[in-house]
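Report on one structure; see the data block that follows.
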Amino acid sequence: MSLTEEALSFLTNNGIEPESRVVFIEGIPYVIDSEGTAHRVDPVAYTAKQSLNLNTLSSLVDYIKSELDRKDDRLILTVKDEQTVFLEGQLEVNGSRERLAEVNAIVPAFSFDYFYHSEEFNIKLQSIFTDSSDREILLKVVGNISEDSVKTVGDDGVSQAVTINQGVASKVDVKVPNPVTLAPYRTFNEVAQPESKFVFRMKEGPRCALFEADGGIWRNVAIKNIKNYFEKSLKAEISNGKITILA
């Protein structure tokens, strides 16, 4: 236990041996004076430096390597969720840890459970979702949907059939599969974007929406992908015990 200068001065002036006169009551250190009175010893106030705010996993890896080269601290890296990572130092005397860096992923905005106009939905499919076979099917439907098709949509409660334009004058009925498997950008770009299932629905407008249908399992996959990234990038630092990864 580290004592404040005031506490050490008190012990010296009163002829008290710190090693034999310090007790812990509910985890809090106290000094017992010659009369048997307990004096609470508050830990030394610790002022942490302002943590770094980063946006990429690679920048955090670079920072960790430079920190471990500069000093012999052991660091704790915590993957809080699919978009947030913390880097913290050793446990301080007051039970807290200094937060050295915080990384927040920059991800594009997309509102699930919301009906977009087909034109806007088409743009978001191309810009916010990674390439996949199901995305191509949705793009074909949304990009060629007939203006009057909402009146001829067939709906069995699971899949919807919609009339789309084909060529200059012809039209064809297409059945849209449900659920569809897609991988929107929802985590750091350095790791694979996790795929998950979505229910695709249409209504008058024409308007389109995606509803998440995997119970949030994709988040666990994203966290695992982030952990794997750090384990590969910081293999030497992990093996020598200088950093611990929690996810």
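The values are calculated or read from the model by the stated rules, or taken from the named source; none is laboratory data. Everything numeric in this text was worked out from a predicted model, so none of it was measured. Here the Cβ is made from the backbone with ideal geometry for all residues, glycine too, and neighbour counts use every protein chain on show. We work out accessible area using only protein heavy atoms, side chains counted, and drop any ligands, DNA or RNA first. Shrake-Rupley method; radii C 1.70, N 1.55, O 1.52, S 1.80 Å.
Among the listed pairs Lys197/Lys235; Lys124/Lys203; Lys124/Lys232; Lys140/Lys203; Lys197/Lys232; Lys140/Lys224, which are separated by more than 23 Å between their Cα atoms? It would help to have the intermediate numbers written out before the result.
Details: Lys197/Lys235 33 Å; Lys124/Lys203 18 Å; Lys124/Lys232 32 Å; Lys140/Lys203 17 Å; Lys197/Lys232 29 Å; Lys140/Lys224 33 Å.
Where the Cα-Cα span goes over 23 Å, the pairs concerned are Lys197/Lys235; Lys124/Lys232; Lys197/Lys232; Lys140/Lys224.
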For q = 0.25, 0.29 Å⁻¹, Debye-computed log10 I/I(0) when each Cα of the range 179-247 counts as one equal scatterer: -1.05, -1.21
Cβ-derived FRET efficiency at R0 25 Å, Thr56 paired with Leu91, nearest 0.05: 0.35
Nearest-10 value in Å² for the accessible area of Val180, using the 1.4 Å probe: 0
Counted charge near Pro108, where neighbours are those whose Cβ lies closer than 12 Å (Asp, Glu -1; Lys, Arg +1): +2
Distance in nm between pseudo-label sites at Thr37 and Glu231 (7 Å out along the Cβ direction from Cα): 5.8
Share of carbon and sulfur in the accessible heavy-atom surface of the range 189-239 [1.4 Å probe, %]: 49
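What does the charge count near Ile223 come to, summing +1 for each Lys or Arg and -1 for each Asp or Glu among other residues with Cβ under 11 Å from its Cβ? It would help to have the intermediate numbers written out before the result.
Working: positive: Lys80, Arg219, Lys224, Lys227; negative: Asp81, Glu82.
Every neighbour counted, the sum reads +2.
Could you state the accessible area per residue of the range 83-143 in Å², with a 1.4 Å probe and every protein chain left in place? It would help to have the intermediate numbers written out before the result.
Details: 2990 Å² over 61 residues.
Per residue, the range 83-143 has an accessible area of 49 Å².
Grab the Cα-Cα distance for Val199 and Ile137, subtract it from 0.36 nm times how many residues apart they are, and report the gain in nm with one decimal. Intermediate results must be reported in sequence, preceding the final value.
Working: separation 62, 0.36 × 62 = 22.32 nm, distance 1.36 nm.
Result for the pair: 21.0 nm of gain on full extension.
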